[in-house]
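The values are calculated or read from the model by the stated rules, or taken from the named source; none is laboratory data. Note that the coordinates shown come from a computational prediction; the quantities given were computed from them, not determined experimentally. Positions of Cβ are generated from backbone atoms using ideal geometry, with glycine treated the same way; all protein chains shown enter the neighbour counts. Please note that ligands, DNA and RNA were not included when accessible areas were found on the heavy atoms of the full protein model with its side chains. Shrake-Rupley method; radii C 1.70, N 1.55, O 1.52, S 1.80 Å.
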Amino acid sequence: MLRNTRRETLVALVLISPFLAIYGLTFVYPTVAMVNLSFTDAPLIGPGQWVGLDNYTRLAGERRFDTAFWNTAYFVALSVIPGTFVAMVIALGVSRLTGRMQALVLALFFLPYILPVSVVYRLWDWTLNFQFGIAMYVFDIWGIERVPIFKTTTWFMPAVAFVTIWWTCGFSILLFLAGLRAIPAEIYEAASLDNTGRWTMFRRITWPLLWPVTALVTTIQLILQLKIFDQVYLFSTGGRPNDNLVLVYYIFQRAFVNNQGGRAAAIAVVLFLIVVIVSVLNFQLMRLAERRK
Amino acid sequence: MTASSARQINLVGGIITLLTLIIAILWAFPIYWGIVSSLKPENEVVRPYIELWPETLTFEHYIFALTETQIGRWYINSIATAVGATILTISTSMLVGYALSQLRFPLRRPLYWLILASFMVPTQTLIINHFVLVANMGLLNTWAGIILPQLINPVVIIVYKQFFDQVPRDFREAAVMDNAGEFRILFKVYMPMNWGVTTALAIVTFIWSWNSFLWPFLAVTKTEMMTITVGITQVSDAFGVYYASQLAAAVLAGLPVALAYLLFQRRVTQAITLSAGIKG
Amino acid sequence: MAEIILDKVSKSFGSVRVINEVSLTIQSGEFVVFLGPSGSGKSTLLRMIAGLETIDDGRLLIGGKESQTLPPGQRNVAMVFQNYALYPHMTVRDNMAFGLRNIKMAAPEVERRVQDAARMLEMDALLDRRPSELSGGQRQRVAIGRAIVKEPAAFLFDEPLSNLDAALRVRTRVELAELHQRMNSTMIYVTHDQTEAMTMSDRIVILNDCRIEQIGTPMEVYTRPASRFVAGFIGSPSMNFLKGSYKDGAMTLLDGSRIAARVAVPEADTYELGIRPEAVKVCEGEGEGDTKGQVKVVEHLGERTLVHVHLSDGSAIVAQDGGRSPVQPGDEVALRFDISELHLFDASGKAWHAE
């Protein structure tokens, strides 16, 4: 195609300049500044002394960092795989329905995903309320002893994971449905002519063909849940935040409660690296899988 | 296959369908329960048994929330910041997506890599420096300060780029033959061709922005500048431990996005599927 | 309306030559078809005239004006795209007016031209519709209308019929030919379909392998192909080729039969004899023909019959017989060649024709 290179470059520059200004300011600069900050003992706002790797070495033996790290890992384990599994099962059920019925049922499953986290928090705080929560009446009926769920350390993470699955599942369901729709009906028709039973049909046809979507959903969830903060913060109010620390929460505590910008930045860099490594690994795995096809 | 085994399979299928319906109803039940509870008088809310419909239907908690609290103010803040973030995100992303897809210019590849890289970077880790930045600019407790870090939204750029990539080359050539300049090609040919995608992306960007919690929570310290998602959880004095009032406020906070979804269901699902295809 | 002259134009994509020193003069008002297999460079050549591809070397004159460096919009040519490229969000009227508005033409003049074009193409009623509400044939017309309103020096068509179904293609072909007669404007038309080329054009430019093989009227390229490539490419079913040697005014084929050929070529062993199926007749009696063989397949086409024959050396040949041919597969038949329709091709592909 005939192109006027100089004019095209000029137009391109005009088109990308607002973006470059915004990204330079809100992405590139803060990223560099964060790494820089992590090597100093600066408070949240204001200058600090260069302390080298001190902020990092201190993390190694720190109890709160330990809690935050393992809680994050625990939360990821509780939410990612079960969440993917639940979404797949629901998507399989929803895909059996057709027309308006399907749209309605899908809307019921998807609606929570649309809600702000604070609304989700209010709904479940109320539903699981120790005194008046409707769930507790159900507990009573089944003869289970009532527990103040978000005030009990053993219950806290599983409950938050449960609420998180409820909240974000709609998104995964949507992806699974798209994946299921992409499987041509002829394949099922051919299989049923071969007298394939329901279970075999799932195991030998649906599951392998759905595998790429499953991998996609799992990794999106994984990266998302590593960054958990909102739910943990909200459900901890009035509870025991120090036992329920997760990494982003810890960054928040160090920076905004303890006013230690440098030390907070070190935690941020660690989380940053974890997420980047997971993303890159995931990217490479996807590429590998592509190539094997 | 014999008739009886066919019937058996249909029975199994029926049970699965029935189960799906039951689970769907249970799934949405907490939302229903929250709404119903917000419509009961406070004394009815705390009755020690399950009442699926209020004995006395009341809107007193909504009237209370709207008149006695700052919720109206928070609404304005939420609308202003969400609309602002949406307009800015969509317009800048569309231009970049177009440039990446249709124009050849130096640094095109590095720019693309920068955008892909920003996918991987968790914005939650940047909160410290976003705060320092916004504080230094004197934008804490302002709409601009709330909006600024929300503009990192590479998904929208990539969706646009991929959309523009899919437009057959013929259109561009026809426009060139029609004497249209670069800007006319963008604004008269390519942009109008993708109103559907733009609507879808705008709706989800609005929802994402409305729902964002961590950053607005940090960037605002004055109650009158809070967005509604932050306000309803942070200013508990306004509601006390009156569950019904709290729930009424929550319903009000969730209403705009829920409505946006229910009205534009197809667009929302389209945008979500599009954006997810890229995140992988 | 204008003359278009290509003077030794060349183009490369990277290190690959795609157009090699092509020279061509298209008369004002002429309908010229670029015909060739895919990858022959015919579309590239058209796009170079349109300005959608750069011309690396050589000159392009449109109406006497040096145009090889002008941007597409300023070359005073209009193009009809293969997929029409109608702007989906604009009405038919806006689609046609877009190019005129871009050059800030006065609104009344735009409207007049749109109306004229619509009337000429009989689509007045469609002006306020969008492309999605039109049938394939109607879209095709809008695409042509979009070109007409520009009143260009030349129309460029890039395989415009390839997206239509067979019946519509035949009809549109006739309409396009009529349009050309009515407007009497220069048209360049790219296609890989030889029927379109034969039926519509004043002259055919046959491209192969980045260069022009032959330029001529449809009958010229059919009866006097300049090369073996053209001979094989034009005509359906395609020409028969039989290897042999030329000596003493006759070709000796591999099966030993001798065919008298009045062709002024040097004697050599490496010729190919070319003859179209309609010049090969199935003979009634035994021992009458120029050669003989066994019938493998018989295709009855109604008004004529194609008889596929294997000669004794195994080479295949297609003969044409009358519509009610009694020939059956397995029959031994004699074949007679119409020696006034013989062609000889040497090893380099150069052609000689029987006098």
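Within region A:239-293, track down each residue that is closer than 23 Å to residue A:46 by Cβ, open to solvent by less than 10 Å² (accessible area, probe 1.4 Å) and more than 9 Å from chain B (Cβ to nearest Cβ).
A:250, A:262, A:266
Taking the options C:44, C:25, name whichever one is under 30 Å from residue C:194 (Cα atoms), in a strand (DSSP E or B) and in contact with a strand residue (DSSP E or B) (Cβ under 6 Å, 6 or more places away or on another chain).
C:25
Within the group A:11, A:32, A:94, A:89, which residue is touching a Phe, Trp or Tyr at 6+ places or on another chain (Cβ under 8 Å), within 12 Å of chain B (Cβ to nearest Cβ), part of a helix (DSSP H, G or I) and under 27 Å from residue A:224 (Cα atoms)?
A:94
For residues in region A:144-153 being among the aliphatic types (A, V, I, L, M) and in contact (Cβ under 8 Å) with a residue 12 or more places away in the chain, which is farthest from residue B:270 (Cα to Cα)?
So the residue we want is A:147.
Any residue that is in a loop (DSSP other than H, G, I, E, B) and under 26 Å from residue B:153 (Cα atoms) - is there at least one of those in region A:100-115?
yes
For region A:147-161, how many residues are open to solvent by 40 Å² or more (accessible area, probe 1.4 Å) and outside any loop (DSSP other than H, G, I, E, B)?
5
Can you name every residue in region A:104-156 that is of a type in the set (Ser, Thr, Tyr) and out of contact with any Phe, Trp or Tyr (no Cβ under 8 Å at 6 or more places or on another chain)?
Within region A:104-156, A:152, A:153, A:154 qualify.
Taking the stated definitions as given, is residue C:152 open to solvent by less than 20 Å² (accessible area, probe 1.4 Å) and either over 30 Å from residue C:316 (Cβ atoms) or not polar (S, T, N, Q) (or both)?
Yes; evaluated as a whole, the condition is true for this residue.
Name the residues in region B:130-152 that are surrounded by fewer than 22 Cβ atoms within 10 Å (Cβ to Cβ) and more than 7 Å from every other protein chain (Cβ to nearest Cβ), would you?
Within region B:130-152, B:136, B:137, B:138, B:139, B:140, B:141, B:142, B:143, B:144 qualify.
Residue by residue through region C:180-201, note down the ones that are surrounded by fewer than 17 Cβ atoms within 10 Å (Cβ to Cβ) and part of a helix (DSSP H, G or I).
C:181, C:182, C:183, C:195, C:199
Only residues that are open to solvent by 60 Å² or more (accessible area, probe 1.4 Å) and in contact (Cβ under 8 Å) with a residue 24 or more places away in the chain: list them for region C:341-355, please.
C:341, C:347, C:350, C:355
Of all residues in region A:35-54 being in contact with a strand residue (DSSP E or B) (Cβ under 8 Å, 6 or more places away or on another chain) and closer than 29 Å to residue B:119 by Cβ, which is farthest from the other protein chains (Cβ to nearest Cβ)?
Once the filter is applied, the top-ranked residue is A:39.
Looking only at residues in region A:107-143 that are touching a residue at least 24 places away in the same chain (Cβ under 8 Å), of a type in the set (A, V, I, L, M) and facing another protein chain (nearest Cβ under 8 Å), which one is most open to solvent (accessible area, probe 1.4 Å)?
Per the criteria, the residue is A:111.
Counting only residues that are within 14 Å of chain B (Cβ to nearest Cβ), in contact (Cβ under 8 Å) with a residue 60 or more places away in the chain and within 24 Å of residue C:6 (Cα to Cα), give me the helices (runs of 4 or more DSSP H) lying completely in region C:57-151 with at least 1 of them.
Passing ranges, in order: C:136-148.
Just need a number here: residues in region A:59-86 that are open to solvent by 70 Å² or more (accessible area, probe 1.4 Å) and either part of a loop (DSSP other than H, G, I, E, B) or of a type outside the set (Phe, Trp, Tyr) (or both).
Here the count works out to 5.
Considering each of B:220, B:230 in turn, give the residue that is open to solvent by less than 30 Å² (accessible area, probe 1.4 Å), in contact (Cβ under 8 Å) with a residue 12 or more places away in the chain and either more than 10 Å from chain A (Cβ to nearest Cβ) or under 30 Å from residue B:160 (Cα atoms) (or both).
Of B:220, B:230, the one residue that is open to solvent by less than 30 Å² (accessible area, probe 1.4 Å), in contact (Cβ under 8 Å) with a residue 12 or more places away in the chain and either more than 10 Å from chain A (Cβ to nearest Cβ) or under 30 Å from residue B:160 (Cα atoms) (or both) is B:220.
Could you list, in sequence order, the residues of region B:173-206 that are open to solvent by less than 10 Å² (accessible area, probe 1.4 Å) and in contact (Cβ under 8 Å) with a residue 12 or more places away in the chain?
Once the filter is applied, which keeps residues that are open to solvent by less than 10 Å² (accessible area, probe 1.4 Å) and in contact (Cβ under 8 Å) with a residue 12 or more places away in the chain, region B:173-206 yields B:175, B:185, B:186, B:189, B:190, B:194, B:200, B:201, B:204, B:205.
Only one of B:258, B:249 is away from chain C (no Cβ under 14 Å) and open to solvent by less than 10 Å² (accessible area, probe 1.4 Å); which?
The conditions single out B:249.
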